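First the structure, in the form of structure tokens, and then the observations on it.
Since every read-out is calculated from the coordinates, none of them should be taken as a lab result. Bear in mind that the values here come from a model prediction, so they are computed numbers and not experimental data. So basically every Cβ, Gly included, is an ideal-geometry build from the backbone, and we count neighbours across all protein chains shown.
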Amino acid sequence: MVRIGEMNDLVVVKAVDFGLYLDGGEEFGEILLPARYVPQDYKIGAKLRVFIYTDSEDRMIATTETPKAQVGEFACLKVVYVTPIGCFLDWGLSKDLLMPLGEQKREMRVGETCIVGVFLDMATNRVAASARLTQFMNLTPAHYKPEQEVSFLICNKTALGYRAIINHAHWGVLFNADVFEPLKVGSAKKGFIKRVRADGKIDLALQKRGAEQVKDIADVILDKLKAEGGFLPLTDKTGTEVIYELFNVSKKTYKRALGALYKKRQIVISDDGIRLA
């Protein structure tokens, strides 16, 4: 079954001068993949992975381009132009994505970015965007486990920290106490579930906690040392930003991992840096 607004694996039916026709099943028939998207190694009868949407004349169309977000997903997209019916967003395809006026929370201007949910208008089969995010969230209870790795999209800054969308499904909060790096609204991050509260609210963390995290970072430090010939010019005066760029952790966590390696006599710490023992 063809899913509009999503990636599909469709069989190539025939080739024509202006592209390929793909099998859209009984419901949609043959779907055109325009010539500019046709890969050189296609084969009749083989499957192609394509994104399906409707063109400006509401005809079903395929593309081998990958959008920044599919139906059911959220993304931070830039406004490319504004019309009386809404604004159009750059979502990575040749045809821009409409956010209807009624789906906007404020007046939009060209060049601005906005976090939106991508949805399918069932009445028209058109893919569209909305800034009214909560209506597209998963309302079923979350079953995440502590320390589970997740992806999340930073949506807005609050007095407590950052509000984020977890795995395109649930709201979560990353508290200020768990933030050790500059975060930008609209950025996608990898992190971990800190806890799921009794009321269903979800706390996030950028790193694992405790001994498991220290062990993971210690292994990363050893790998980095080996890759650099057994020496890294890192001292107590090395900036937090340098540590984060190298190991993706806070300086506090780095120093704990360094201490663990030193106790095991796997490294030597000197005034000019650290060395493999």
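At a glance:
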{"item": "Trypsin sites (Lys or Arg not before Pro) restricted to region 177-250 and DSSP loop, no more than 12 other C-beta within 10 Å", "result": "184, 197, 237"}
{"item": "From phi via Karplus (6.51, -1.76, 1.60), per-residue ³J(HN,Hα) for region 74-83 in Hz, x at Gly/Pro", "result": "10, 7, 9, 10, 9, 6, 9, 6, 10, 10"}
{"item": "Extreme residue, positive dipole direction of the chain, given options 84, 193, 232 (C-beta unit charges)", "result": "232"}
{"item": "Partners for residue 68 among aspartates and glutamates (Cα-Cα distance below 16 Å; same-chain residues under 8 apart left out)", "result": "6, 90, 96"}
{"item": "Under-5 Å amide H pairs with residue 92, H placed in peptide plane, nonlocal only", "result": "68"}
{"item": "Cross-link table 47/189; 190/263; 145/189; 78/251; 145/190, entries beyond 25 Å C-alpha to C-alpha", "result": "47/189; 190/263; 78/251"}
{"item": "Cleavage-rule hits (GluC sites (Glu not before Pro)) in region 35-112: DSSP loop, at most 16 neighbouring Cβ within 10 angstrom", "result": "57, 65, 107, 112"}
{"item": "Expected 222 nm ellipticity per residue - DSSP helices of 4 or more, -39500 (n - 2.57), all of the chain, to 500", "result": "-4500 deg cm²/dmol"}
{"item": "Separation of alpha-carbon centers, region 234-277 and region 39-71, rounded to whole Å", "result": "48"}
{"item": "Which of 269, 217, 243 has the fewest Cβ neighbours within 10 Å, and the rest in rising order", "result": "269, 243, 217"}
{"item": "Using θ = phi - 60° and Karplus 6.51 cos²θ - 1.76 cosθ + 1.60, couplings along region 189-200 (whole Hz; Gly, Pro as x)", "result": "10, 9, x, 9, 6, 8, 6, 10, 6, 4, 7, x"}
